[in-house]
Each structure stands twice: as structure tokens, then as C-alpha cells.
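Contents: one structure, followed by commentary.
Each reported figure results from applying straightforward, stated rules to the coordinates on display, with no laboratory input. Treat the numbers as computed from the prediction; the structure is a model and nothing was measured. Cβ coordinates were reconstructed from backbone atoms using ideal geometry, including for glycine residues, and neighbour counts include every protein chain displayed.
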Amino acid sequence: MNYGPGLTCYGDRLYFTGYQEEADVQGSGWNNTVFYYDLDTGEQGALLPVESLVGVLSVYKDCLYVQNFAVDGGYQFYDGYRLDRDGNILEKLDHEGEDFICREQKEYGLAEY
């Protein structure tokens, strides 16, 4: 379920985007991290630092999809991560795999750039 740009949930976990200065390797000042908040336990933290602007977050079939924008704003691309039942990242999805639902958009963005 997607609640808007940079906000989604999976089970009792809420995921949202924000800025983390120590993860800003390119000095962009953009939302560069996916954070989580567990609605049951109150646990929170940084789930995924990214080296680009983080946009829309979506969860579909136990996978978290993250929209990213190139630092120079030239294109957008997507990464996907398989989640365990607690909402932690198990693995990064193969963006060239046939089952990666954002594969064509990622290929298009890279080709157009």
C-alpha cells in the first residue's frame, strides 16, 4: 500500500524517506535514506542509505521498491529489495531479472539519459 511520495508500510512497519547528513556522500542535501518506524514496538532507524535522491516508496509482494533520481536530475530509476516477515531487507533484487516489476522503467531511464 502506498501512502504518497516517500511513505509506505509493510505489516507493522512504516517506511519513509528523509535526509541523513552522514550518508550524503555527494553533498546534495536531498532525501537520501529510507527510515523505518515499527508501530508495535516503537523501534526506529535507518533502513537504507542511498547515494541519490529518494522518491516514491512502494511495497508489493513482500518487496520494497524505491524510486531514485540521478543526482544531476537527468533520470529516475528503481531498486527493489526483498523483505523478511519483520520488514528487514533480505536481499537486493536483480534489476535485470524478468520478475523485477520496474525493469522496463529502469532500462528506459538509463537509455534516455
For this session: Please give, to one decimal in nm, the separation of the simple spin-label points placed at Thr41 and Val25, each 7 Å out from Cα toward the Cβ.
Result: 2.9
For this session: Obtain the nm distance between the two label points defined at Asp12 and Glu96 by a simple spin-label model: each point lies 7 Å from its Cα along the Cα-to-C-beta direction.
Result: 4.0
